[in-house]
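Here's the structure we're looking at; comments come further down.
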Amino acid sequence: MSQALSNADTVPSQTSQSSRAPIFRAAWVVMAVFILSNATTPLYSHWQHLMGFGSGTLATIFAAYIAGLICTLLVAGQLSDHFGRKVILVPGVMLAMMAAMLFEIADTVIVLVLARVLAGISVGIIVSAGMANVVDRAGEAHKRLASLMASVAMVLGAGAGPFIAGLLSKYTAYPVRNVFGVELGLLFIALLMVLCQPSQRPGEMTFHFSLPSVPRNNLSSVGFGILFFGPGITATSFVLSLGPSLFSSFLHVDSPLVAGSTAFTMFMVAVGIQFAAQKYSTRTVFILSGSLTLFSMITLWISVHETSALWLMASALLAGAGQGTGQLGGLTLIGMEVPTSHRAQANSLFNMGGYLPAGLLPVMTGYLIDLIGIQTGVAVLAGLIMTAAVAAVAFVIRQPVSRPRA
């Protein structure tokens, strides 16, 4: 495992402008779909007023997205590794467009749940095939840059979605229609980029379905990333699913712009810290990720205990930084260590390890808040994530340090 950490710490070479273009085009596809994934965050209060559901139902709607994503991750990676990225990405983007159309007309919880499931399926395809596609576009010489761009595109889209939705919700007369109208346009551009991409088909000729897997000597590369990405994305998932309700309660305002701006700022911190952290070893990046996630949960507990929007904002920013660094470290290891024939499956396993707790724990917390109150519910969530973060940091510190290869 320490060898995997060492091998990823190579010095990036200079990349020409022409060789960067395919990386950026592939990263745009990732970003466009992730804009959809969180564009709903500022609109939940609108739908709550329209349909009259509580925190538990809200968390369940969020979990429908996770369910669609996890089920897709079981198959999307190996389909992509066998049939090629383009064959899988085209239906992935089209499913995202169908989800946007359903969000635009949603007037019942059932329609919202269905739209979230479709969005989850689309994101499942993107985080396996789409992010592997970004690295594939780079070639052998620029994998580290491509891993960074894939990770940045994911969090940039996740942050831009709620910010765009918050602005349109605040300043336009028909926010839902406008938000998803804009998103459909962005997804159409992404679809064109995928269609113009040359077709590839790595892997063997005969396809045999099985659970996602990677070569035995690459298991540590995937597992190490999960240790830190899991707690980080669980923290940000709580902010996305239940954060808007907490801000409304603490500030006594019900503004979609507040929720959207918070999510946007959280993910912009995740973007910025990835650019800052790329020069450090993956070992250092992982330790930083676990520490930031730990402090995020401490400030979350303080925010609820003190009914403080300021502390809640601090928790959101720390959570974004924790997810961003954990994601960067994990994707860098996969991009540098896992062969092309298993890279999408490695991405699937990596994201399954993150999104499973990210889906389950916020839902449990939502129902706990409805049953036993906000302070106890949040304390349980914070305690679990803090324990996972501390254990991950302790584990990586115990690993022997290997000298990076120049």
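Condition (residue is out of contact with any Asp or Glu (no Cβ under 6 Å at 6 or more places or on another chain), farther than 16 Å from Gly232 by Cβ and part of a loop (DSSP other than H, G, I, E, B)) applied to the stretch 303-312: is it met by at least one residue? Yes, some residue in the stretch 303-312 is out of contact with any Asp or Glu (no Cβ under 6 Å at 6 or more places or on another chain), farther than 16 Å from Gly232 by Cβ and part of a loop (DSSP other than H, G, I, E, B).
Yes/no per residue for (1) more than 28 Å from Gln78 (Cβ to Cβ); (2) assigned to a helix (DSSP H, G or I); (3) in contact (Cβ under 8 Å) with a residue 40 or more places away in the chain:
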position: Ala190; (1), (2), (3): no, yes, yes
position: Val214; (1), (2), (3): no, no, yes
position: Gly223; (1), (2), (3): no, yes, yes
position: Phe228; (1), (2), (3): no, yes, yes
position: Gly243; (1), (2), (3): yes, yes, yes
position: Met266; (1), (2), (3): yes, yes, yes
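Contact map, the stretch 371-388: residues that are more than 17 Å from Ser245 (Cβ to Cβ) paired with residues that are outside any helix (DSSP H, G or I), Cβ distance under 6 Å, separation 6+ or inter-chain. No pairs are found.
Mind checking which residues of the stretch 64-98 are among the small types (Gly, Ala, Ser), crowded, with 24+ Cβ neighbours inside 10 Å and touching a residue at least 60 places away in the same chain (Cβ under 8 Å)? Listed by number, the residues that qualify are Ala76, Gly77, Ser80, Ala96. The single condition among (1) touching a helix residue (DSSP H, G or I) at 6+ places or on another chain (Cβ under 7 Å); (2) small (Gly, Ala, Ser); (3) surrounded by fewer than 24 Cβ atoms within 10 Å (Cβ to Cβ) that Ala394 does not meet is (1). When the stretch 268-285 is filtered for residues that are free of Cβ contacts under 8 Å to residues at least 60 places away in the same chain, more than 22 Å from Val390 (Cα to Cα) and in a helix (DSSP H, G or I), the ones remaining, listed by number, are Gly272, Ala276. Within the stretch 324-345, restricting attention to residues that are surrounded by 24 or more Cβ atoms within 10 Å (Cβ to Cβ), among the hydrophobic types (A, V, I, L, M, F, W, C) and out of contact with any Pro (no Cβ under 9 Å at 6 or more places or on another chain), the residue that is nearest to Thr265 (Cα to Cα) is Leu328. Entry remark, the stretch 353-370: residues being buried (at least 23 other Cβ atoms within 10 Å of the Cβ) and farther than 13 Å from Ser241 by Cβ number 1 in total.
The conditions of being of a type in the set (Gly, Ala, Ser) and without any contact (Cβ under 8 Å) to a residue 24 or more places away in the chain are met by Gly52. Answer with yes or no whether Leu288 is surrounded by fewer than 21 Cβ atoms within 10 Å (Cβ to Cβ) and either in a helix (DSSP H, G or I) or in contact with a helix residue (DSSP H, G or I) (Cβ under 7 Å, 6 or more places away or on another chain) (or both). No: the conditions fail for Leu288.
Check the stretch 128-138 and report whether any residue there is in contact with a Pro (Cβ under 6 Å, 6 or more places away or on another chain), over 25 Å from Arg343 (Cβ atoms) and either surrounded by 18 or more Cβ atoms within 10 Å (Cβ to Cβ) or among the basic types (Lys, Arg) (or both). Scanning the stretch 128-138, I find no residue that is in contact with a Pro (Cβ under 6 Å, 6 or more places away or on another chain), over 25 Å from Arg343 (Cβ atoms) and either surrounded by 18 or more Cβ atoms within 10 Å (Cβ to Cβ) or among the basic types (Lys, Arg) (or both), so the answer is no. Per the conditions (1) crowded, with 24+ Cβ neighbours inside 10 Å; (2) at pLDDT 90 or above, the sole criterion not satisfied by Phe238 is (2). Selection of the stretch 136-167 for residues being under 17 Å from the mean Cα position of the chain (by Cα) and hydrophobic (A, V, I, L, M, F, W, C) yields Ala146, Leu148, Met149, Ala150, Val152, Ala153, Met154, Val155, Leu156, Ala158, Ala160, Phe163. Quick check on Thr299: is it surrounded by 24 or more Cβ atoms within 10 Å (Cβ to Cβ) and among the hydroxyl-bearing types (Ser, Thr, Tyr)? So Thr299 fails the test. Within the stretch 163-183, restricting attention to residues that are under 9 Å from Leu257 (Cα atoms) and not hydrophobic (A, V, I, L, M, F, W, C), which residue is surrounded by the fewest Cβ atoms within 10 Å (Cβ to Cβ)? Taking the candidates together, the pick is Lys170. Is it the case that some residue within the stretch 137-144 is of a type in the set (Lys, Arg), under 22 Å from Ala259 (Cβ atoms) and part of a helix (DSSP H, G or I)? The answer is no, given that none of the residues of the stretch 137-144 is of a type in the set (Lys, Arg), under 22 Å from Ala259 (Cβ atoms) and part of a helix (DSSP H, G or I).
All told, Ile334 falls short of being in a helix (DSSP H, G or I) and either in contact with a Cys (Cβ under 6 Å, 6 or more places away or on another chain) or within 30 Å of Leu246 (Cα to Cα) (or both). Taking (1) buried (at least 24 other Cβ atoms within 10 Å of the Cβ); (2) at pLDDT below 90; (3) among the aliphatic types (A, V, I, L, M) in turn, Ala321 satisfies each apart from (2).
Count of the stretch 1-60 residues, restricted to those that are at pLDDT 75 or above and either more than 19 Å from the chain's Cα centre (by Cα) or assigned to a helix (DSSP H, G or I) (or both), is 36. Set side by side, the residues Val87, Val109, Val93, Val113 differ, and just one is modelled with pLDDT under 95 and under 23 Å from Ile23 (Cα atoms), which is Val87.
The values are calculated or read from the model by the stated rules, or taken from the named source; none is laboratory data. Bear in mind the structure is a predicted one, so any value in this text is a computation, not a measurement. Positions of Cβ are backbone-derived with ideal geometry, glycine not excepted, and every protein chain shown enters the neighbour counts.
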